[in-house]
Each structure stands twice: as structure tokens, then as C-alpha cells.
1. Please list the non-local residues whose amide H lies under 5 Å from the amide H of GLY83, H modeled 1.01 Å from N, same-chain partners needing a gap of 5 or more.
2. What number comes out for the charge environment of THR400, summing +1 per Lys or Arg and -1 per Asp or Glu over other residues with Cβ under 14 Å away?
3. Please state the charge dipole magnitude for the chain, taken about the Cα centre, from unit charges on C-beta atoms (+1 on K and R, -1 on D and E), reported in debye and rounded to the nearest 20.
4. For the chain, with every protein chain kept in place, what is the accessible area per residue (1.4 Å probe, Å²)?
5. Hey, got the dipole for the stretch 327-440? About the Cα centre, +1 on K and R Cβ, -1 on D and E Cβ, debye to the nearest 20?
6. Please give the contour-minus-distance gain from GLN306 to SER176: 0.36 nm per residue of separation, less the Cα-Cα distance, rounded to one decimal in nm.
7. How far apart, in nm, are two points set 7 Å out from the Cα along the Cα-to-Cβ line at SER294 and at ASN385?
8. Leaving out ligands, DNA and RNA, what percent of the accessible area of the chain is carbon and sulfur, probe 1.4 Å?
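The values are calculated or read from the model by the stated rules, or taken from the named source; none is laboratory data. Here the structure is a predicted model, which is why all the values come from computation and not from measurement. FYI the Cβ positions are ideal-geometry reconstructions off the backbone, even for glycines, and counts take in every protein chain you see. Surface accessibility is based on the protein's heavy atoms, side chains included, excluding ligands, DNA and RNA. Shrake-Rupley method; radii C 1.70, N 1.55, O 1.52, S 1.80 Å.
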Amino acid sequence: LSEARLRSQGSKVGEAAVNAIYPPLLRELGENHFIGYEREEGETEILAIVVNGERRESISGEAEGEIIVRETPFYAERGGQAGDRGGIHSDSGRFEVTHTETPIEGLIIHRGVLREGELRVGERVKAVVDHEVRAATRRNHSATHLLHHALRTVIGPSVAQKGSLVSDTRLRFDYSATEPLSAESIRAIEGIVNHAILENTPITTEILPIDEAKATGAIGIFEEKYGDVVRVLRIGPSLELCGGTHAAQTGDIGAFVILSDSGLAAGVRRIEAATGFNALSHINEVRGILGAVSEKLKSPPHELVQKIDRLAEREAELKREIEALKKAMMSGGGAEDLGARAIERDGVKFLGAIAPLGDPKALRDLADQLRDRLAPAVVLLGAENKGKALLVCSVSKEVTSKHKAGEIVREAAAIVGGGGGGRPDFAQAGGSDPSKLEDAVAVVHSRA
């Protein structure tokens, strides 16, 4: 398992180091010890240096390599928690730790690159964990425990952890489930976690024999191999076995938001979430998007859903109108064909027709186009929109002394059970009975 883990991480040392270097080092030096549950720095001694898969007495010249020290505050990657980053330095050199891991049980190595000077085996050095990285990782790790508890509360005790990954930038939690979380469930889970955060209770650790730990009701993946003595973490309402690093109090987590819930495999789903400053960044990003959408749609955020619903309805209407116009044009029912129905008297053309349009503006535009093409003309168009009758009358200005649009449209509107009016050259109306539109538009022919 150790070999596979190291190879999967793309180690520069690889299998050769696992088989040829680290086992002898472990036998020679013994186990080195993690002292970082309560500390983020400490004085220690360099026990070994590995460069390009070979043991060296020193490291220099911007070389990449691994350093092993006697005691370390650096947490080595395991249990889904990423290894610490930071630095190992003395007066003679500075080594940047980019990753900490345990290639074989009992041996913690610090992988990275020498940034300044030189470091030698046997030298006393100071090992310092990157505080910001450690703090962010702690927040994420503690939040996974609260998330696990919240999932079991909202979905049920059948929920089981199937995996996790926590680092300073990510929080990922895999769990057993067959259906995606509803919006209501996501809000409930976030509420439980954030309530525990705001309670700001101390996070406590208890070292117990494995049988006593089980008797407390602590959650653990007991199929995994635990030692005879385990760490039991109480984080708010959560009680779990865990060997990772955690916040001091639940309030240190700051905030918790779920970013996504997706299917991973049959019966397994994955939640990605954010805490602390990462949660704040997500909230600011969403707020920025919401503000941009609000500005584009010229609507306050609390009215955006209704505005989008109206736009969707309008889009559906326009699609129906486009299809109706296509059919009308294919069957010879376009604007040209409507114009051919006009009746002429004393040099004035009178047109009354039903148009395949449901949009008031489109109907007005069509009436004006027909008026201009037939001028001098009196045009009365009808259409149905959402079960109502629409009427539009457009009259050439030179004949408004005899034929007033307002009078014509009022007469037509009465037939469809409505009313309306307007200027002498243009008027519109509506009515409740679209079945009588044919009779209504025929009103204009009585003027011919």
C-alpha cells in the first residue's frame, strides 16, 4: 500500500526509495515522531537526507529532495488529510517543505526544495509549519465531521462515509446515498453545520482503548485497521475516531457552504464544500454573479426569479409566433397576401384581417407596414393572445378626417366584448371573446 501510494503521487523517488532506501532508514534510525497536534514549530535534528533516490550527507544548490528529522510538527498525509507545508531552516540554509508523507509506516518524510544555503545530516534545525495552510486544513477537516453528522441527521443513520479529502483549499466528502440531495436538504445540512459552528464549543480529544471508543458510540470505519489505542474527537454534536489535525473550537471554522452534490458511483455521492475564507470567496463570487444578472435584467435580486419566469414565458410565446408565421408564409398567408385582401373605394384601400401574431408590438408593426404599403389606407388587424382578443387600427394621416382609428377600433372592440381607443391615425383595443374576431375586423369594410 505504501509503494502504491508513493507511485500514485508521482514521487521523484518512486519504488526504488520505498524498497531500497526507506526500510533501511527506518531500521537504522527508528521511528520519527509527530509532535504537531498542539504545536506548529519545534527544534529538531536532521537524521537523513535523500536526493534523487540516494542518501546524501547534505543538500544544496536549489536541489529537490526529502529530509527526515527526529521529531516533526508536520502532519504527514493520511486519512484523507493532505500533508503539511512549511519550512525547515537553520543559520546555514532554508528548505521549503511542499509535501509531508509517510511512504512506510513509522517514517515521516518532508519533500521539497532547498531555497538557500546548505543543510547537513546531524544539524540542528527549526521545523515550522505554514500556519495559514494548517489553519485552513483544520477548518476543512473539522467541518467534514460536522457534515457527516448533519447528513446522518437529515438523510438517516444509514449514511456512511466512503471517503474524504481535506486540504487548505478543498473539502470533499463521499457518502453512501442513492438519490441527490434536494435544495431543502442542502439548506438543512448547512443549517446544522453552521449552527454547530456558531455554538463555538471547544473541540476535544480523548485517547481511549479501541473497545472503550466503540462503547462511546464514536463513528469510525471499523473495517480499517486501528491500533489498540485511538483518538476520539468530539466536534459539536459529532463524535468520531480521527488521527488528523483539527480546529480548537467549532467557531474557528468560520462558515460552511455546500458547493456541489454529485454522483460518484452506484450508491455513492460526493459533496464538495468550503469553509472560512474559501466560503467567503464563494459567497462573494455568487453575489457578484447575482449583481451582474440583476443589472443585465434591470431587476432587483429578490425579483429575479419572477423576471426570468416572465422572460421564459415570453420566449415560448415568440417561438409559437415564429412557427405560426412560418406556416402562414408557406401557405401564402404572409403580409403580402394580407394586403391582397384590401378593398378599394374612392382611392382609399380598406383592409380587415386576422394576423397569425400574438404579440401586441408585432401586430402594431404589421398594421403600420400594411398601411404604408397600401397608402392611403385604413387597416384593422385582429389577433389572439393568451385567450384574449387583440385589435389594432392604423390609418393614413391624409384620410383621418373621414376615417378615425379610435372610432373604428371602439366599434370593433364592442363585438369582442372589450374596449379601447387612441389617436385618429392609430388605436388599439382588447376584448374577452377572440371567437368573434372575424366579425370585429369586418367592421372596417363597412367604411368602404
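1. Amide H neighbours of GLY83, under 5 Å, 5+ apart: GLU77, THR100.
2. Working: positive: ARG371, LYS397, LYS402, LYS404, ARG423, ARG447; negative: GLU398, GLU407, ASP425.
Cβ neighbours under 14 Å give a net charge of +3.
3. 2120
4. Values: 22640 Å² over 448 residues.
Per residue, the chain has 51 Å² of solvent-accessible surface.
5. I would put it at about 180 debye.
6. Residue separation times 0.36 nm, minus the Cα-Cα distance, leaves 43.2 nm.
7. The answer from the label model is 3.0 nm.
8. Working: 11480 of 22640 Å².
It is 51 percent, rounded to a whole number.
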